[in-house]
Amino acid sequence: MRWVGTLAVALVVFSVLLLLKGASPVTAYTGIWESTFLRSRSLQEIVVQMTPLVLGALAVAVPARAGLTNVGGEGQIIMGGVGACGAFLFVGETAAPGLLLVAMLVSAMVAGAVWAGIAAAMRLVAGVNEAISTLLLNFVALDVLLFLIYQPWRESPVGQPATVELVDAAKLPFVAATRINVGIVLALVLAVVVYLALSRTRWGYKISVAGGNAEAARRAGLNVRLLVLSALMIGGALAGIAGMIQFAGVEYKLRPSFGYQLGYTSFLACWLARHQPFPILVAAFVFAALSVSGDSLQLDAGVPAASIHVLTAFILIAVLGFTASRRKAAA
């Protein structure tokens, strides 16, 4: 009931803003519900959009268990797409479909892990805070992407800068007769794997100890440096998989806007879910649904589609503020 009340406050505040814009909150919310949750195509789009968000949020959750803040999901997702595209260009479109997809997946994981590993190395060698290094590496990853699509990987010297489109054999297959690609299956499986790894393995226990008190972990004989490195690199690998799915299941080519804002939205989804793997699925669904409902808000209520970001912000402030208040009261 407390959560329901918190969300209700966010909706009430947003309703006031709608009234100030001359729009009817009832019309807006009714339109969002009907166009987003009562239409098969919209539900499919929600699942498509939530898939990389789940993996991007898991990429934040794993390092968080070790007391680390991975803000570099955006860059790691981009590098995952770059790794997948590089594998496609290197292996060639004539390769067997299964081999091609596996090569793209492995390359994406390695690219994401290495990119996160750079931040881990900076922390371990030079003491640079990983929140700062991962955030700044996002901009470097974007520069790498732009260099590749403007120069060596550019499909054509004329027109918009982009790589050649994937052949059908390199695209992720769809689930039944829908627009949903099999990436959602991989995302759900990895959510279970991450949960089990964090809660049922010695490695998960060790990174929890290191995240709770690094000095105590060292005195207990744990290799904290290795735990930090592994947590960040596994997070990067998960984000790299998100980039591969976005590349091979949604966009099919690299563009300047590839994976735009996926990493930052994933970061918020992870915090909304308190870094827990299964609640991350719900948080990713909520963010994807809000994104899909933006067009409905513009058509039905007559307010800009970007207004949905205001509602998203209100929900985040309300929920996270409630969480912080409850923890403070408990302390």
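The values are calculated or read from the model by the stated rules, or taken from the named source; none is laboratory data. Remember, predicted model here, so these are calculated numbers, not experimental data. Please note: Cβ atoms are built from the backbone with ideal geometry, for glycine as well, and neighbour counts cover all protein chains shown. Quick note on the areas: whole protein, heavy atoms, side chains included, nothing else; ligands and nucleic acids left out. Shrake-Rupley method; radii C 1.70, N 1.55, O 1.52, S 1.80 Å.
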Heavy-atom accessible surface of the chain: percent carbon and sulfur, 1.4 Å: 67 percent
Rel. contact order, % - alpha carbon contacts under 8 angstrom, at least six apart, the chain: 35 percent
Options SER257, SER133, VAL26, ranked by Cα towards positive dipole end of the chain, top entry (Cβ charges): SER133
Cα gyration tensor shape for the range 74-162, rounded if a/c is under 1.5, else prolate or oblate: oblate
Dipole magnitude of the range 54-262 about its Cα centre (Cβ charges: Lys, Arg +1; Asp, Glu -1), debye to nearest 20: 760 debye
Surface per residue (accessible, 1.4 Å probe) for the chain, Å²: 47 Å²
Estimated distance in nm for a label pair at VAL167 and LEU320, the labels positioned 7 Å out from Cα along Cα-to-Cβ: 4.5 nm
The chain, helix-only ellipticity at 222 nm - DSSP H runs n ≥ 4, -39,500 (n - 2.57), divided by all residues, nearest 500: -24500 deg cm²/dmol
20 Å Cα-Cα reach of LYS171 towards aspartates and glutamates, excluding residues that sit fewer than 8 places from it in its own chain: GLU45, GLU93, GLU155, GLU251
Surface/4 estimate of mean projected area, convex hull on alpha-carbon atoms of the chain, nm²: 19.5 nm²
Prolate/oblate/rounded call for the range 187-293, Cα gyration tensor, a/c under 1.5 rounded: prolate
The range 1-142 shape via C-alpha gyration tensor axes, a/c threshold 1.5: oblate
Solvent-accessible area of VAL106 with every protein chain in place, 1.4 Å probe, in Å² to the nearest 10: 80 Å²
